Every structure is written in C-alpha cells, then in structure tokens.
Ligand SMILES: [Zn+2]
C-alpha cells in the first residue's frame, strides 16, 4: 500500500460486531403519510399534508477512528504534523499547511486542560440541549493546539465565565459514544471568579427567565 | 473563443418573505418571472433560451424535501435544452450564484443569465429547521453539542465585543435600524408583515436572551421566499432597461474554515495578514473577498465606505453586521465604537447599510437572501425605491455606488460585489 495515503481497508477484512438493534426502538419506515388538512385563506384555497420521513445514519469514522476510540477510553487525541510540528485538536488527519503537501499527521494525546478563548451563554438551543439551558458554549485551546474546540463548559453561575480562564476536561462516567458529547469543560479548580460587574449583573438578569422557563419545561416532560 | 464582456443587472424582484409563505416553489418563481415581465417588458425567457443559462440558488435539500428541486422549476418555466445548474454555498448561496452568473457573462459563455433563488423552510418545525441549518456546521463535532448557528455567532461576537469595547446597545442600534428600515420597505419584508411597527433600542435590549450577547430582536428569523436577479451583458442591459441598469464593477468570493475554532491561527490567513488575524472575532473571508472586489472597482479597502453610497449586507445577527463593517475596512480611521456612535450606518449616516431591512428586517430564506440584498441595492442605484417600497424613508437619494455582501457558515464563505449606476 502507498504509504503516503490513508489506507482503504477491504470490506472482506472487516469483522463487524452486530449492531444493537436500533431499528426496534426507532423503526425506519421511509415515507409515511400522517395527516391532511385544508381551508380557505381570504379567497385562496389551501391544503397541507404532513408526511413523516426518517433515516438512520451510519457515520463511518475512517481515519478519524483513533480520535473516537480515544474518547471511548477517556483520552483526547489530537494530531501533530511530523514536518512542521503544528498540533491541532480537533484532529486533522492531513496537515493544513500547503507547504506540507497534505502530510499525514501523527496521533498525540492531548492534556486534559486548556485556555478558554471565547464563549456564549445560551438562552436557547437545539431541542436535544434545551434541558441544559442556560449553558455555556466555549471555544477552548486544549494544550498546545493551534485550533480551538467548541464544547460545553459546566459552571454553576455562567455569568462568571471570562476569556483566558483555565479549564479542565471531564469525561462522562455514563456510556460513552465516541463523540464530542463524551466530555465537557469545567473551570480549573485553581480559578476563582472575579467580583460581580455591571456586565455580569446584566447577564445574570438575562438568565433569570431562562431558569424559570426550563423549570416549566422539565415539569412538562 | 467567446470574448470577455462587461456584466450588468437589468432587473430583479422578490416574492414577499414570510414564515411560512404557503406557496409551492414553482408558483414563487413564476411570480418572480411574471413580475420581471411587468417591470422589464423587453425581457423574455426566450432570450435565455437563445443566449443564456439559468443559475439556481438553493441551499437545503433537507428543507425542500426534494433533491435537485430546481429541475422542477426549470421545465415549469418552459425551459428545456437551456443549461442549468444549482449553487449551494450555505448562507452565501445567493452571492455565490450571482458570482457564477457574473462569471458566465464575463467569460462570454452566456449573455442573459437570470439567477433564481428560493428556499422553503417552513416544511419542518422551527427547531428541526435550526437543526437542519446547523447540519452545515461540522456534524462530527459542533453539531452534536445541540448548539446552533446563533450560539456559534454569539461566541464570535463576544470576543469581537471585548476586543473593541462594544456594548449590547451598540448592536441593538443595528438591530433596530434594520427592523425599522423594513417598515419603509413594506409588504415584502417579513418584519413589516409580521410586526408592522418600529422597534426601539430598548425593545431589543428587553427581548429575551437567545445567546449572550444576542437577544431575540438581534437575530433574523426563519423565512420562506424567492428572488430573481436579471444578469446580462451590455447589449441586453440597454435593450431591457435603458434607464434602470447597473454594472457589476467588482466581484469577490473568498472562504474560511467550517469550524470557527480552526481559524484561530490558520496558516492561510497568518501568511496573508500576519499572526493573530483573524482570530475568532473577525471575518477574514469578508475582508479578502472585499479586497478583491474593491480592487476591481478601484476602491481602497481602508475606509472604503467613503467610496460607497449604500450597502446591503448579510445581517443574520446585529453583531455579525458590525463584524462585517470591520471586515469591509470601515473602522480603520475611526474605531468601531466611534463608527456606531457617529451613526454612520444609519439612513442619515455616511454609509446607509441595509436600508431595505436586511435579513433582520426583510427575512432570510437562505437561497433567496443574497439575491434580495442585490435587488434592494439595485433598486437604490436605479432610483426605483419610490416604485418598489411602501415609503421613501429608506431611499438613499442619488446613490451611485453600492455594495452587496453575502455570507455563510460562521464566515465560511463570503462574497462582495460593487454595483455602479450607469
Ligand atoms: Zn505540516
């Protein structure tokens, strides 16, 4: 095999473990007719149909597999270019420098600590994350990475978050899935919030209705 | 070999933008073409058949519950045998489709190229819709967090805010400006259709937290609609709209990382602009594409607003509009803080920005958005505001040079165009 290329394994060489039968829980049915309704708006006749369409994706991680396997084992794997030495996390399986001619990078273990570059305090998010509101989305430079990675920063009082604060990585003790959601950031224990400022008071006030809303939301689920 | 030719815009129109719009895509687009027939009586699709192509501008097949949805449109318009293709470039789909039409006419491969953009977004629930849009972020990483583009943009805005000492009020000024400009635009603008009245900076400040520093009124809303821009060569421009045509004198298209965190020290940018740029707070692809477009038009990037009379830019968020000012070189001789406090982008300011309402006021049906910005800029330069808008409160009188900006991802693809009244 050409050593400058990522290997393309043959299907015959895979030993697939049987998938847990997801489709018993989430049956795939394709186009499923559900509903129809109609009416008149002004003098315009209208009709609407609700049609359910579903799909189950398989993400095949390929060259990124070591990264995902690392997460399963509670490790953060980034990449390092053997030519220029650039380290990136999230990983890049080929170097990003045009001068390095797409050099295949090496896997390196990243420390479980970093510096927060920027953040936002989310008062609204996608459905899967609503119950976590208000949460902090942080861009963090892990170890010596030249790229920042986005993930959740868990902190009791989000208005205290600040640029350049040191953070640590925590892995879930529950079932890991080899994805970003297996870990999150927390303030480094050595870090202490600075005193309240008018901006912090303002953010705290903006968060109040979010806490109220989430209480109601949690009750209704 | 075909010869290079100058490129013009001889007409343009949009459907109303709303959510949902309750229309099928073929009637949306047919309405646009029939409106063009009315506004530009000399234009006919037969010219496209004989001398042209069609560039379709459409972002998401997820939303359209249909692959290659433009195939439905093309034969619906009576066109077979006419070359067609579709551009998808995220939020910069409209700008990129315009760029493609520009390139085709410029290269002499076609003489009349309508750019037809559309987006259905009310085909799914709002939360599913945000998720569909978030699928344009890296699904192996960012999208899995349950965050969406508003959250990413807020993170980028916050570091920009910190860098330049800006406040939430500075952004709220922009949000209120665009909502209020849309009130003058009228029936086609989503804010006028849905809310109908003006908002104050206080209204923006008091609206609910979406993602700090963004509140509800700082953000554009999901919308549906279609837009068409009639791109052509000089001969057709003079034939179609002798009194109402503008020239595209500059066009730039650039790109940046899909994951915003990856541009912290990307070699492609540090080699061009030096260490520390763009970081996460600046839109380097906006600066770069603007520099390209400005150079073609003989405009300097630094303080470029001095050469421009009007700008229609991609204000998905009030904060990103501000970041665009900076990327366009408008805050070089004065600080960003002074730029907004001097009310430079307001109707009465030096460079009225988004007089049509922008995405915040007019709406953001992705595939149609960049074309809407183009149409609004065209109306200003062609002196058509009194014909097209509810009131002339948002008219920039005697505007001669305008800028159109279209913007995607977290700044991942950005185009800029300079239009000039002929
Ligand atoms: Zn390298």
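The values are calculated or read from the model by the stated rules, or taken from the named source; none is laboratory data. Every value quoted in this text rests on a predicted model; they were computed, and no experiment measured them. When we count neighbours, we look across all protein chains shown, and the Cβ atoms used for this are built from the backbone with ideal geometry, even at glycine.
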Problem set entry | Single condition residue B:334 does not satisfy, out of (1) assigned to a helix (DSSP H, G or I); (2) farther than 29 Å from residue B:210 by Cβ; (3) free of Cβ contacts under 8 Å to residues at least 24 places away in the same chain; (4) away from chain A (no Cβ under 14 Å) | (1)
Exercise. If you go through segment A:166-179 one residue at a time, do you hit one that is more than 10 Å from chain B (Cβ to nearest Cβ), within 27 Å of residue B:202 (Cα to Cα) and in a loop (DSSP other than H, G, I, E, B)?
Worked result: no
For this session: Would you tally the residues in segment B:220-276 being touching a helix residue (DSSP H, G or I) at 6+ places or on another chain (Cβ under 7 Å), within 14 Å of chain A (Cβ to nearest Cβ) and within 29 Å of residue B:300 (Cβ to Cβ)?
Result: 6
Problem set entry | Those helices (runs of 4 or more DSSP H) lying entirely in segment B:20-66 with at least 2 residues modelled with pLDDT under 95 | B:61-64
For this session: With a cut-off of at least 3 residues that are away from chain A (no Cβ under 14 Å) and at pLDDT 95 or above, name the helices (runs of 4 or more DSSP H) lying wholly within segment B:76-172.
Result: B:93-106
Seminar exercise, completed: Requiring at least 1 residues that are surrounded by fewer than 17 Cβ atoms within 10 Å (Cβ to Cβ) and within 16 Å of the ligand (Cβ to nearest atom), the strands (runs of 3 or more DSSP E) wholly within segment A:42-145 are A:106-109
